[in-house]
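Undergrad: What follows is a single structure, and I will ask about it in a moment.
The values are calculated or read from the model by the stated rules, or taken from the named source; none is laboratory data. These figures come from a predicted structure and were not determined experimentally. For neighbour counting, all protein chains shown are included, and Cβ atoms are generated from backbone atoms with ideal geometry for every residue, glycine included. Heavy atoms of the whole protein, side chains included, go into the accessibility calculation; ligands, DNA and RNA do not. Shrake-Rupley method; radii C 1.70, N 1.55, O 1.52, S 1.80 Å.
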Amino acid sequence: MDQSQRPSLVELTGVLERITYANEDNGYTVARVDTGRGGGDLLTVVGALLGAQPGESLRMEGRWGSHPQYGKQFTVENYTTVLPATIQGIRRYLGSGLIKGIGPRIADRIVEHFGTDTLDVIEGEPKRLIEVPGLGPKRTKLIGAAWEEQKAIKEVMVFLQGVGVSTSIAVRIYKNYGDSSISVVKNQPYRLAADVWGIGFLTADRIAQAVGIPHDSPERVKAGLQYALSQATDSGNCFLPEERLLADAVKLLQVDAGLVIDCLAELADEEGVVREAVPDPEGGDPIRAVYLVPFHRAEISLAGSLLRLLRGTEDRMPAFRDVEWDKALVWLADRTGADLAPEQQQAVRLALTEKVAVLTGGPGCGKSFTVKSVVALAQAKKAKVVLAAPTGRAAKRLAELTGAEASTVHRLLELKPGGDAAYDRDRPLDADLVVVDEASMLDLLLANKLVKAVPPGAHLLFVGDVDQLPSVGAGEVLRDLLAEGGPVPAVRLTRIFRQAQQSGVVTNAHRINSGLHPVTQGLPDFFLFAEEDSEEAGRLTVDVVARRIPQKFGLDPRRDVQVLAPMHRGPAGAGVLNGLLQQAVTPARPDLPERRFGGRVFRVGDKVTQIRNNYDKGANGVFNGTVGVVTSLDTVEQKLTVRTDEDEEIPYDFDELDELAHAYAVTIHRSQGSEYPAVVIPVTTGAWMMLQRNLLYTAVTRAKRLVVLVGSRKAIGQAVRTVSAGRRFTALDHRLSGAAK
C-alpha cells in the first residue's frame with residue numbers, strides 16, 4: 001500500500017479485558033479491550049502486546065483497520081500501561097489478579113476504604129493497608145512487596161519491549177539481576193544467555209544489536225561459539241570436532257573465519273572451552289574435540305570412577321565369590337517359582353561377582369525377572385541393595401517388580417539447589433549393590449553424579465535397552481559402556497519368552513527392531529488406523545484417545561493413554577495435539593479455574609510436564625520430563641500446584657509457567673523411561689525427517705497393554721527402514737577402553 005493511503009497513527013485508551021490469543025514466540029496477541037464507551041461493547045486489538053495483563057489500563061498507539069473475518073480492529077504499534085483513575089477502574093485493576101495477594105474480594109475492601117487514593121496508598125504508604133478490615137500485617141507486607149516487584153518488572157519490560165522479549169523472560173531477568181537488570185541488559189547482554197533460562201544466544205544477540213554492540217565484537221563471537229557448543233550438547237553430543245564447530249559458528253555469526261579461529265583460541269586460553277585430540281568415530285585420523293568445560297570434566301570423571309570401581313580390590317559382597325551357584329539357583333527357583341534361562345543365569349552371576357556390569361535386551365526377554373533374581377539373592381546374603389531409575393514412573397515400576405524401595409536417581413543422590421549432590425565421592429551411598437534401571441536414559445552429567453556416589457567395593461548394575469533412543473541429555477552412556485573391547489562386562493538377553501510371544505506389542509517391537517513392518521491386523525492389542533492426510537491423522541488421534549479407546553477398553557484418556565508423537569511441530573505433532581486433546585479431555589468450564597500463559601491455557605486437571613531441570617523446586621529438584629497433573633490454581637496468590645508422578649506437590653508461581661507444557665501428547669524422546677497402559681502414535685509423512693527405527697521402537701516399547709498407530713503405511717515403512725544416522729560425539733568409550741589396555 002502507498003504510505004499516503006495508510007491509516008494515520010492514532011491513540012486509544014482502554015482496559016484490557018481478556019487475551020484471546022497469544023503467540024509465545026513473537027508476542028503477537030489478539031485481545032479485547034473496554035474503551036469505556038458504554039454498552040459493554042469490547043473492541044478487538046491486535047499486535048505485540050507483550051507483558052500486558054487483563055485488568056490493566058493501556059494507552060495504545062496504532063492504526064484502525066478491518067479483518068475480513070473478524071471485522072473492525074485496532075493494530076497496536078506500541079503501548080504503555082497507565083494507572084486507572086476512577087473508583088471502578090481501580091477496583092477492576094486490583095481485582096484482576098495482577099498483584100499477588102489481591103483478589104476481587106480484597107480489592108473491593110481496599111477500594112471501599114481508600115477510594116480514589118487507593119493506588120497512592122499502596123505506592124507510598126503500603127503499611128496503611130492494615131487499616132482495611134481483614135488485612136493483617138503479613139498480607140499487607142506481601143502486597144507491598146508484590147507491588148514493588150511488579151513496578152520494577154514493568155520498567156525492565158518497557159526497556160525490553162523494543163527488542164521483542166517476552167514477559168516471562170523479562171520476569172526472569174528481573175529475578176536474576178534485580179535492580180541491576182537494565183544495566184546488565186545494556187552493558188553485558190551476552191551474560192543473559194549463560195545466566196537466564198529461556199534466553200539463548202539468539203535472543204541475547206538481538207538485545208546486543210539493539211543496544212549497539214558491534215557485529216564483529218570478540219565478546220559476540222565467543223558467546224556464539226559457546227552457544228554452538230551448547231546447541232550440540234542439546235542434540236546429545238558431548239563435544240564437536242573443531243572443524244565442524246568453526247563452520248557452524250561462521251554460519252551462525254556471519255563473520256570472518258579468521259576472527260572465529262582467534263576467538264576460539266582465546267576461549268580455550270580463558271578455560272571457557274577445552275580442546276583435546278580424540279579418536280575419530282569413523283576410524284580416520286584423530287580429531288580435535290572441543291568441549292564445554294562441564295562436559296569434559298564429567299566425561300573424564302565418569303570414566304575414572306568406573307575404572308576405579310572395576311579395579312578396586314575391596315568387595316562389599318564377598319559371599320558371592322565362592323558361592324555354589326547350582327544350589328543358589330535352585331533356591332532362587334523355589335523362591336520365585338520359575339527357572340532362569342542360561343543367559344539370565346549368566347547375568348545374575350555377573351551382577352553379583354563383577355563390580356560393574358550391564359544387562360541389556362528388548363521387551364519380553366526377561367530383564368525384569370533377572371533384576372528381581374539379582375535383588376533376591378543379594379538380599380538373601382544381607383546385602384544393602386539400592387534401586388534407582390531416571391524417572392518417577394520407572395522407579396515405581398522397579399519397586400513393584402522387586403518388592404524393595406526404589407527412587408529416582410535425583411532423589412537417591414539428594415540433589416540440592418544448584419544441582420550439587422548430597423552424596424558423592426567424599427560421602428558415598430550406603431550400598432553394597434546399586435541397580436539402575438532404564439539406563440539408556442542416563443545422560444553423561446547424571447551418570448557421572450551417580451557413579452561418583454557408589455562406594456568402593458560396591459557392585460553397580462546398569463539395566464536398559466540399548467536399542468532405544470539415547471538419553472535426552474548429552475552422551476550415549478549405555479552404548480559407550482557396551483562398546484566392543486571395553487572393560488565393562490555385559491550380557492544381552494535375546495530370547496523372547498513364550499508368554500511374551502503372545503503379546504502383539506512385544507512381537508511387533510522386535511519386528512520393528514529387526515527392520516520388519518509391524519503386523520497391524522488380527523491382533524487384540526496392536527492396531528493401525530490408516531490415514532494419509534496429516535491433519536486428518538491428528539483429528540483421528542484425538543478421537544482414538546478421547547472416545548474409541550475408553551469405549552472399547554475402558555481406559556481413562558488422561559491417566560492411562562499417552563500420545564507419543566515423532567515431533568513437536570506439524571498438524572499431527574505434540575504441540576497441536578495437546579491443544580486438541582485438552583479441548584476433548586479437559587475442556588473449559590465456568591466452574592474450572594484457568595490461567596492463560598503465552599499461547600497456553602492451564603486448567604485444574606491438566607496433564608503437564610516439566611521442560612527444564614530446576615534444582616530449586618521440590619525436595620530434590622524437578623527435572624525435564626517429569627509429568628504430573630494440575631491439582632489447584634489460585635488466581636489471587638498467582639500459583640498453581642502440580643502433583644507429580646512421584647506424588648510430590650510442586651507449586652509454580654504464574655510467572656514460572658513457561659517451565660510447564662501440556663503432556664496429553666509428548667514427543668517420543670520425552671517418553672523415555674515411562675510406561676503407559678496404552679500408547680497412541682501418530683506416524684505421518686509430515687514427520688519424514690524424524691522417522692527412524694529406534695524412534696518407533698522406543699514408542700512401541702512404552703506400552704504395557706495396547707498400541708494404536710494412526711497415520712500412513714508409507715511413513716511407518718520409512719521409520720522401520722531408516723536406521724539412525726551415526727553416533728553422537730562422545731569419547732567415554734575411548735576413555736574406558738584406552739585406559740583399560
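Undergrad: How much FRET efficiency would the formula 1/(1 + (r/R0)^6) give for ARG6 and THR35, where r is the Cβ-Cβ distance and R0 is 22 Å, rounded to 0.05? Provide the component values of the computation, followed by the final result.
TA: Numbers: r = 22 Å, r/R0 = 1.01.
About 0.50, to the nearest 0.05.
Undergrad: Mind checking the log10 I(q)/I(0) for region 575-683 at q = 0.17, 0.21 Å⁻¹? Debye, one equal scatterer per Cα, no solvent, two decimals.
TA: -0.81, -1.23
Undergrad: If you roll a 1.4 angstrom probe over the protein chains with everything in place, what fraction of the accessible area of the chain belongs to carbon and sulfur, to the nearest %? Numbers along the way, then the final one.
TA: On the way: 16030 of 33140 Å².
Here carbon and sulfur together make up 48 percent of the probe-accessible area.
Undergrad: Per residue, how large is the accessible surface of the chain? Use a 1.4 angstrom probe and give square angstrom. Provide the component values of the computation, followed by the final result.
TA: Working: 33140 Å² over 741 residues.
Here the per-residue accessible area is 45 Å².
Undergrad: How big is region 469-508 by the Kirkwood estimate over distinct Cα pairs, in Å?
TA: 13.0 Å
Undergrad: Using only the alpha carbons of region 500-563, determine the length spanned along each of the three principal axes and report them from longest to shortest in whole angstroms.
TA: 31, 28, 19
Undergrad: Give the total of Lys-Lys pairs in region 73-188 with Cα-Cα distances below 21 Å; include a pair only if its members are 8 or more places apart or on different chains.
TA: Final tally of qualifying lysine pairs is 18.
Undergrad: Step by step: find N for region 225-264, compute 2.2 N^0.38 Å, then divide the Cα radius of gyration by it. What's the final number? It would help to have the intermediate numbers written out before the result.
TA: Numbers: Rg = 9.7 Å, N = 40, 2.2 N^0.38 = 8.9 Å.
With N residues counted in region 225-264, Rg over 2.2 N^0.38 Å equals 1.08.
Undergrad: Shifting gears a bit: Take the alpha carbon gyration tensor of region 164-220, find the square roots of its eigenvalues, order them as a ≥ b ≥ c, and report rounded if a/c is under 1.5; if not, report prolate when a/b exceeds b/c, else oblate.
TA: Working: a/c = 1.86, a/b = 1.57, b/c = 1.18.
Prolate, since a/c reaches 1.5 and a/b exceeds b/c.
Undergrad: Under the rule a/c < 1.5 gives rounded, and otherwise a/b versus b/c splits prolate from oblate, where does region 235-375 land using the Cα gyration tensor?
TA: Values: a/c = 4.31, a/b = 2.77, b/c = 1.56.
Since a/c reaches 1.5 and a/b is larger than b/c, the shape of region 235-375 is classed as prolate.
Undergrad: Let me ask something else about it. Please list 83-90, 581-588, 239-246 highest first by mean number of surrounding beta-carbon atoms within 10 Å per residue. All intermediate terms of the calculation are to be shown ahead of the outcome.
TA: On the way: 83-90: 15.4, 581-588: 17.1, 239-246: 19.8.
For the peptides 83-90, 581-588, 239-246, the packing ranking is 239-246, 581-588, 83-90.
Undergrad: Then there's this: Which value in deg cm²/dmol, rounded to the nearest 500, describes the helix-derived mean residue ellipticity at 222 nm for the chain, given -39,500 (n - 2.57) per DSSP H run of n ≥ 4 and division by the residue count? Present the calculation step by step, with values, prior to reporting the outcome.
TA: Working: 27 runs with 281 residues, N = 741.
Helix-only estimate at 222 nm: -11500 deg cm²/dmol.
Undergrad: Hey, what do the phi angles of region 145-151 turn into as Karplus ³J(HN,Hα) couplings, whole Hz, using 6.51/-1.76/1.60 and θ = phi - 60°, x for Gly and Pro?
TA: 5, 5, 4, 4, 5, 4, 5
Undergrad: Can you give the angle from 0 to 90° between the axis of helix 325-336 and the longest principal axis of the chain, with both taken from C-alpha atoms, to the nearest 10?
TA: 50 degrees
Undergrad: With charges set only on the Cβ (+1 for Lys and Arg, -1 for Asp and Glu), what does the dipole of the chain come to about its Cα centre, in debye to the nearest 20? Could the numbers behind the result be given before it?
TA: On the way: 87 positive and 92 negative charges, 372 e Å.
Charge dipole, the chain, about its Cα centre: 1780 debye, nearest 20.
Undergrad: Find the Rg to Rh ratio for region 344-456, where Rh is the Kirkwood radius over alpha-carbon pairs and Rg uses the same atoms.
TA: Using Cα coordinates only, the ratio equals 0.95.
Undergrad: Let me ask something additional. Would you work out the relative contact order for region 313-386, in percent, from Cα pairs under 8 angstrom that are 6 or more residues apart?
TA: Numbers: 42 pairs, mean separation 23.8, N = 74.
About 32 percent, as a whole number.
Undergrad: Restricting to DSSP loop positions (anything but H, G, I, E, B) with no more than 16 other Cβ atoms inside 10 Å of their own Cβ, which trypsin sites (Lys or Arg not before Pro) remain in region 387-441? All intermediate terms of the calculation are to be shown ahead of the outcome.
TA: Values: sites: ARG393, LYS396, ARG397, ARG411, ARG425; in loops: ARG425.
The qualifying sites are ARG425.
Undergrad: So how tilted is helix 293-311 from the main axis of the chain? Cα-based, degrees 0 to 90, rounded to 10.
TA: Taking the Cα atoms of the chain, the angle to 293-311 is about 20 degrees.
Undergrad: If you average over every viewing direction, what projected area does the convex hull of the Cα atoms of region 302-364 give, in nm²? Show your work: numbers first, answer last.
TA: Values: hull surface 23.0 nm².
The directionally averaged projection comes out at 5.7 nm².
Undergrad: May I ask you to list the residues of region 214-234 whose amide nitrogen lies under 18 Å from a point 7 Å from Cα along the Cα→beta-carbon direction of ALA268?
TA: Output list for this probe position: 221-230.
Undergrad: Please report Rg (one decimal) and Dmax (integer) in Å for the Cα set of region 8-162.
TA: Considering region 8-162 through its Cα atoms, Rg and Dmax are 16.7, 54 Å.
Undergrad: For region 342-398, what value does the Rg/Rh ratio take when both radii are computed over Cα atoms and Rh is the Kirkwood radius, given to two decimals? Walk me through the numbers before you get to the answer.
TA: Numbers: Rg = 11.7 Å, Rh = 12.3 Å.
That ratio equals 0.95.
Undergrad: For region 133-243, state the semi-axes of the equivalent ellipsoid (square roots of 5 times the eigenvalues of the alpha-carbon gyration tensor), sorted largest first and rounded to whole angstrom.
TA: Values: eigenvalues 241, 57, 19 Å².
They are 35, 17, 10 Å, listed from largest to smallest.
Undergrad: Here's something else I'd like to know. Would you mind checking the radius of gyration and Dmax of region 524-601 based on alpha-carbon positions, in Å?
TA: For region 524-601, the Cα radius of gyration and maximum Cα-Cα distance read 13.6, 42 Å.
Undergrad: Using a basic spin-label model with each label point 7 Å from the Cα along Cα→Cβ, how many nm lie between THR86 and VAL723?
TA: The modelled label-to-label distance comes out at 7.4 nm.
Undergrad: Moving to a separate point now. May I ask you to rank ARG172, ARG713, ARG559 by accessible area, largest first, using a 1.4 Å probe over the protein chains only?
TA: Reading off the accessible areas and sorting them downward yields ARG559, ARG713, ARG172.
Undergrad: About its Cα centre, how strong a charge dipole does region 252-305 have in debye, to the nearest 20, once Lys and Arg get +1 and Asp and Glu get -1 at the Cβ? Mind showing how you got there, number by number?
TA: Values: 3 positive and 11 negative charges, 43 e Å.
Approximately 200 debye in magnitude.
Undergrad: Okay, moving on. Determine one quarter of the surface area of the Cα convex hull of region 439-552, which equals its mean projected area, and express it in nm² to one decimal.
TA: Values: hull surface 45.3 nm².
Over all viewing directions, region 439-552 projects a mean Cα-hull area of 11.3 nm².
Undergrad: Once you charge only the Cβ atoms, +1 for Lys and Arg and -1 for Asp and Glu, what is the size of the charge dipole of region 487-537 about its Cα centre, to the nearest 20 debye? All intermediate terms of the calculation are to be shown ahead of the outcome.
TA: Working: 4 positive and 6 negative charges, 166 e Å.
Charge dipole, region 487-537, about its Cα centre: 800 debye, nearest 20.
Undergrad: Over region 369-419, consider all pairs of different Cα atoms and compute the Kirkwood hydrodynamic radius from their mean reciprocal separation; express it in Å, one decimal.
TA: Numbers: mean 1/r = 0.0862 Å⁻¹.
Evaluated on region 369-419, it is 11.6 Å.
Undergrad: Ranking request for peptides 311-320, 288-297, 66-75: highest mean number of other beta-carbon atoms within 10 Å first, then the rest in descending order. Mind showing how you got there, number by number?
TA: Details: 311-320: 14.4, 288-297: 19.4, 66-75: 11.4.
In descending order of packing, they fall as 288-297, 311-320, 66-75.
Undergrad: Based on the Kirkwood radius over alpha-carbon pairs, what is the Stokes-Einstein translational diffusion coefficient of region 642-734 at 4 °C with 1.567 mPa s viscosity, in µm²/s?
TA: Details: Rh = 15.8 Å.
Reported coefficient: 82 µm²/s.
Undergrad: Over the heavy atoms of PHE729, what accessible area does a 1.4 Å probe trace out, to the nearest 10 Å²?
TA: The accessible area comes out at roughly 40 Å².
Undergrad: Between the helical axis of 367-380 and the dominant principal axis of the chain, each derived from Cα atoms, what acute angle in degrees is found, rounded to the nearest 10?
TA: Computed tilt is about 70 degrees.
Undergrad: Continuing with this model, one more query. Taking the Cα centre of the chain as the origin and placing charges on Cβ (Lys, Arg +1; Asp, Glu -1), which of VAL561, ALA298, ALA328 is farthest toward the positive end of the dipole?
TA: ALA328
Undergrad: Report the net charge of residues surrounding GLY711, where surrounding means a beta-carbon distance below 14 angstrom and charges are Lys +1, Arg +1, Asp -1, Glu -1.
TA: On the way: positive: ARG539, ARG713, LYS714; negative: GLU531, GLU532, ASP533, GLU535, GLU536, ASP543.
Here the charged neighbours net out to -3.
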